[in-house]
Amino acid sequence: MAEYLDVRTNYNKELLKEAAKCINDGKLVLFPTETVYGIGADGLNEEAVKNIFIAKGRASDNPLILHVSNIEMIERIAKDISPLEYELINNFFPGPLTIVLNRKEIVPNVVTANLDTVGIRMPENKIAHDLIELSNTPIAAPSANISGKPSGTNINDIFNELNDKVDYIIDGGDTKIGLESTVIRVINNEINILRPGKITYEDLSKFAKVNVSSHVLKEVEKNDVVLSPGMKYRHYAPSTKCVLVYSDDQDKLINKMQELENDNTLVITNDNNINKFKNAIGYGKTLEEISHNIFRILRSVDKENKELVIIEGVKTTGLGLAIMNRLIRACSHNYIEL
Ligand code: AMP
Ligand code: MG
């Protein structure tokens, strides 16, 4: 049973002292960020970080992101930072962007899965920022979920799953964005998107040429070289079978979804289309609303006991690329594009 701190309405930094002590004592703290909730531990404490992998059932070759509160902390754990990387840090930190940098020796191998690089992010969320600052150590924190499940975007959704696996829970209400950070790596002065998120291809293109990893929308094949190990794994998936459908032509899209629908299906669709189906729930109207709601909705579908969940896809521009990356995985690459 974890200790529980509710800071949804009343928050001040003082309240986090006990949670920061937990981090410094090598314990696990579930905390909010602007993207999703994280399971945090002292990122420089090897034993503590090992416990994150155990709590999540996470594959040991899937590296963790270190969360920092200032630039000095970045320079404690990373080296050879290029002018372009500093420019990206100055423009997007704090915020929902993770940069993969060359790591220093101080970072334990267990964090980076033995890679010579480390993923670094500076959260904008006040609670996350203050927790890192009070602990005065980079906090290793993967998304708060048992590996394979949708990431947690509010405590209600993940309490039963993680309550007995962590030492301390900080409830900060719904996370603002709802999708994990954009993960990038700069190679030869070009930006490579390893995982799309709120910071988009279009945002990054203002700074350098941007390449999108082919695994963002495609399944990883057996002999593929993957820049981001996380892409190899099943993720975000409900137990119920799901299919994702998309077409640029809205009529075609709706027709196909109607064709797949029967008395034993659930449709997840834009709020504007709910009345076109027998049994549907809306995931919002805008891309921002969809990203905010999608993990909560994916977590709820198993309760409906349906044979099939039919999910409406979105265009892969802007935030749409991140949404489709998560939905394709939620559907285990069961995707119909018309
Ligand atoms: P999570 O924290 O569960 O959202 O997952 C973190 C993501 O960042 C995974 O997809 C990892 O593969 C990726 N990541 C973390 N560190 C690195 C790194 N050093 N190189 C490449 N990808 C990384
Ligand atoms: Mg995750």
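The values are calculated or read from the model by the stated rules, or taken from the named source; none is laboratory data. Only a predicted model underlies this, so the values are computations on that prediction, with no experimental measurement involved. As a convention, Cβ positions derive from the backbone with ideal geometry for all residues, glycine included, and neighbour counts pool all protein chains shown.
Out of curiosity, is HIS235 within 16 Å of ligand 2 (Cβ to nearest atom) and either in contact (Cβ under 8 Å) with a residue 40 or more places away in the chain or among the acidic types (Asp, Glu) (or both)?
Details: within 16 Å of ligand 2 (Cβ to nearest atom): yes; either in contact (Cβ under 8 Å) with a residue 40 or more places away in the chain or among the acidic types (Asp, Glu) (or both): yes.
In short, yes.
Under 6 Å between Cβ atoms, at least 6 apart or on separate chains: pull out the pairs that start in the range 134-145 with a residue that is modelled with pLDDT of 95 or more and end on any residue that is assigned to a helix (DSSP H, G or I) and of a type in the set (S, T, N, Q).
Close Cβ pairs (under 6 Å, with a partner that is assigned to a helix (DSSP H, G or I) and of a type in the set (S, T, N, Q)) amount to SER135/ASN24.
Can you tell me which of VAL110, VAL166, VAL186 is assigned to a helix (DSSP H, G or I), more than 10 Å from ligand 1 (Cβ to nearest atom) and either modelled with pLDDT under 95 or over 17 Å from the mean Cα position of the chain (by Cα) (or both)?
On the way: VAL166 fails: assigned to a helix (DSSP H, G or I); VAL186 fails: assigned to a helix (DSSP H, G or I).
The match here is VAL110.
May I ask you to say which residue of LEU260, LEU253, LEU227, LEU266 is modelled with pLDDT under 95 and more than 16 Å from ARG326 (Cα to Cα)?
On the way: LEU260 fails: modelled with pLDDT under 95; LEU253 fails: modelled with pLDDT under 95; LEU266 fails: modelled with pLDDT under 95.
Exactly one residue qualifies, and that residue is LEU227.
For the range 34-54, which residues satisfy the criterion of being within 12 Å of ligand 1 (Cβ to nearest atom) and either of a type outside the set (Val, Ile, Thr) or out of contact with any Asp or Glu (no Cβ under 8 Å at 6 or more places or on another chain) (or both)?
TYR37, GLY38, ILE39, GLY40, GLY43, ILE52, PHE53
Looking at the range 4-60, which of its residues are of a type in the set (S, T, N, Q) and either part of a helix (DSSP H, G or I) or within 16 Å of ligand 2 (Cβ to nearest atom) (or both)? Reasoning before the result, please.
Just the residues of the range 4-60 that are of a type in the set (S, T, N, Q), to begin with: 9-10, 12, 24, 33, 35, 45, 51, 60.
If the condition is that a residue be of a type in the set (S, T, N, Q) and either part of a helix (DSSP H, G or I) or within 16 Å of ligand 2 (Cβ to nearest atom) (or both), then ASN24, THR33, THR35, ASN51, SER60 are the ones that fit.
Would you call SER239 over 24 Å from PRO96 (Cβ atoms), surrounded by fewer than 17 Cβ atoms within 10 Å (Cβ to Cβ) and polar (S, T, N, Q)? Break it down into steps so the answer makes sense when it comes.
Details: over 24 Å from PRO96 (Cβ atoms): yes; surrounded by fewer than 17 Cβ atoms within 10 Å (Cβ to Cβ): yes; polar (S, T, N, Q): yes.
Against the criterion (over 24 Å from PRO96 (Cβ atoms), surrounded by fewer than 17 Cβ atoms within 10 Å (Cβ to Cβ) and polar (S, T, N, Q)), SER239 qualifies.
If you go through the range 187-217 one residue at a time, how many are more than 26 Å from ILE336 (Cβ to Cβ) and away from ligand 2 (no atom under 16 Å from the Cβ)?
17
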